[in-house]
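To start, the structure under review is shown below, and the notes come after it.
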Amino acid sequence: MRSRPGNLVDASEANLIKYVLAQCRRLYDLFGFVVDPALGFPREGWDYRILCNVDRALLALDPALKPGDIDIIIVPTKTDRLYVEYAMAVEVKRLYLPLDKRWRDTNSSGIAQARGLLRDGFPFVGILHLVLAETSPRTEWQKVMTAWIVGDTRSPLLP
């Protein structure tokens, strides 16, 4: 991971989205949960236009309704054609978990905003939770299992 800005906890949602998108090497790592239902698998030949923090008024949507802006819009393209019928809207929720409240629900799921995106006519909608947790003291760190996924192909689990 590249260096991160001073304090992500204090970053605005727009700046946090910008930072996360800059860090991600592949679209699927962040958006597979909404791309798979829209385009199926495999998705050979598709490219994507990604728009961030789009004001409702730019899309001729009622500015009085929620969400106030669309955090991320993904429009697939193929051979220079935009496929707006497969447009995906993603509501991003920036969630902060202080060390003393890690066991609690963050109480901000984004479901109301996602329903608003469906009401607005987006055919595929998802919610991306970006969870920022206060750093634990090293004495509480534990080893965890890790795995690597290479490529965008699916294969049966290894025994």
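Values in this text are rule-based calculations from the coordinates and carry no lab data. Just so it is clear, the model here is predicted, and its values are computed rather than measured. Because the Cβ atoms are built from the backbone with ideal geometry, glycine has one as well, and the counts that use them run over all protein chains shown.
Which FRET efficiency value, to the nearest 0.05, do you get for Asp47 and Glu13 by plugging their Cβ-Cβ distance into 1/(1 + (r/R0)^6) with R0 = 22 Å? Given R0 = 22 Å and the Cβ-Cβ separation, E is 0.25. The slack in the chain from Arg119 to Leu95, taken as 0.36 nm per residue of separation less the alpha-carbon distance, amounts to 6.2 nm.
Using only alpha carbons, the stretch 8-140 has a radius of gyration to Kirkwood radius ratio (Rg to Rh) of 1.01. For the stretch 128-142, the Karplus equation 6.51 cos²θ - 1.76 cosθ + 1.60, evaluated at θ = phi - 60°, returns couplings of 10, 8, 9, 9, 10, 10, 4, 5, 7, x, 3, 5, 9, 5, 9 Hz by residue, with Gly and Pro reported as x. Each label point was placed 7 Å from the Cα along the Cα-to-Cβ direction; for Ser136 and Thr77 their separation is 4.4 nm.
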